[in-house]
There are 2 protein chains.
Amino acid sequence: MAARRGPYFCGIDAAMDVVSGKWKSLILWELAEHGVRRFAQLRRGLPGVSEKMLVQQLRELEEDGLVRREVFPEVPPRVEYELTGHGVSLNEALAALGVWGVERMRRIGAEKVVHTP
Amino acid sequence: MAARRGPYFCGIDAAMDVVSGKWKSLILWELAEHGVRRFAQLRRGLPGVSEKMLVQQLRELEEDGLVRREVFPEVPPRVEYELTGHGVSLNEALAALGVWGVERMRRIGAEKVVHTP
DNA sequence: CAGTATCCCTATGGATACTG
DNA sequence: CAGTATCCATAGGGATACTG
């Protein structure tokens, strides 16, 4: 489900609401890194995601105004995704969390997901 | 369930893993604000949380090394919770997200949860 | 290529009652 | 006070097959 419209306890609550979902922060990250991405590119960038989940989370991000979706009426079909301004600023707000997470990975000796091309 | 030990895609992934759970970020916030809190105080600070959920999420935070739990062998029983160093630094990393969330609340006109004492 | 449409399982979370 | 113990509903997520 897309994020609710409140009520929220605080800003963290409101922010977590739109990023909660197994793949959302990773999609934001992917889009922030590459700019524009097509469906299949995102799929390859997120090893393990199913088509259903990818579509679903993209639609919710779109509904929450973080991602813009553009359909090109061609054959074969082409759809491009990119961050909106709000998506970009959310990603920037997530940066500190990313740094903390890297430190945690080091601390507990976590592995990184192997990117199988 | 407490956080896994990897593998993770990136730092965001690793960080989100320990904060995902409806009440976790709010518990961290509450503890950061007040320092030491007892069970019943946390319960009052999080309107709507059930005892089961509060216990569960506190235990998971403890297991992940973000919260320290101290039991005082008294009658009536007293248990105090406080952030560990890692909990404090995670909270600091969440600050930027909180700012973004407040801005989002303003944007969509979300209400704040009414704190019923 | 970029999705739908199903089916199905589990984790998450909520309500309530009870206890040392 | 600070929890357990149950029971239950739902949403999140996964696998697979099909389509314009």
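The values are calculated or read from the model by the stated rules, or taken from the named source; none is laboratory data. Not measured: the values here are computed from a predicted model. When we count neighbours, we look across all protein chains shown, and the Cβ atoms used for this are built from the backbone with ideal geometry, even at glycine.
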key: region B:99-115 residues that are at the interface with another protein chain (Cβ under 7 Å from one of its Cβ atoms) and in contact (Cβ under 8 Å) with a residue 24 or more places away in the chain, paired with ones that are among the hydroxyl-bearing types (Ser, Thr, Tyr) and surrounded by fewer than 15 Cβ atoms within 10 Å (Cβ to Cβ) (beta carbon under 9 Å, 6 or more apart)   = none
Meets criteria (aromatic (Phe, Trp, Tyr) and under 20 Å from residue A:85 (Cβ atoms)) for residue A:23 = no
task = For region B:73-117, enumerate the residues that are of a type in the set (S, T, N, Q) and either modelled with pLDDT under 95 or closer than 22 Å to residue B:41 by Cβ (or both).
result = B:84, B:91, B:116
task = Go through region A:70-91 and count every residue that is more than 7 Å from every other protein chain (Cβ to nearest Cβ) and under 17 Å from residue A:25 (Cα atoms).
result = 9
note = Just one listed residue, out of A:94, A:46, A:31, A:61, is at the interface with another protein chain (Cβ under 10 Å from one of its Cβ atoms), within 26 Å of residue B:107 (Cβ to Cβ) and buried (at least 19 other Cβ atoms within 10 Å of the Cβ), and it is A:94
ask   = Mind checking whether some residue in region A:10-17 is in contact with a strand residue (DSSP E or B) (Cβ under 8 Å, 6 or more places away or on another chain), within 11 Å of DNA strand D (Cβ to nearest atom) and of a type outside the set (Phe, Trp, Tyr)?
value = yes
key: Any hit, region B:19-28, residues being of a type in the set (Val, Ile, Thr), within 14 Å of chain A (Cβ to nearest Cβ) and without any contact (Cβ under 8 Å) to a residue 40 or more places away in the chain   = no
remark   = Taking region A:69-88 and keeping only residues that are farther than 30 Å from residue B:96 by Cβ and either surrounded by 15 or more Cβ atoms within 10 Å (Cβ to Cβ) or more than 9 Å from DNA strand D (Cβ to nearest atom) (or both), one is left with A:71, A:72, A:73, A:74, A:78, A:79
ask   = In region A:29-39, which residues are out of contact with any strand residue (DSSP E or B) (no Cβ under 9 Å at 6 or more places or on another chain) and either in contact (Cβ under 8 Å) with a residue 40 or more places away in the chain or hydrophobic (A, V, I, L, M, F, W, C) (or both)?
value = A:29
Lone unmet requirement of (1) exposed (fewer than 13 other Cβ atoms within 10 Å of the Cβ); (2) touching a strand residue (DSSP E or B) at 6+ places or on another chain (Cβ under 9 Å); (3) within 25 Å of residue A:113 (Cα to Cα) for residue B:66 = (1)
note = Counting only helices (runs of 4 or more DSSP H) entirely within region B:1-107, those with at least 2 residues that are among the polar types (S, T, N, Q) and within 13 Å of the chain's Cα centre (by Cα) are B:51-63
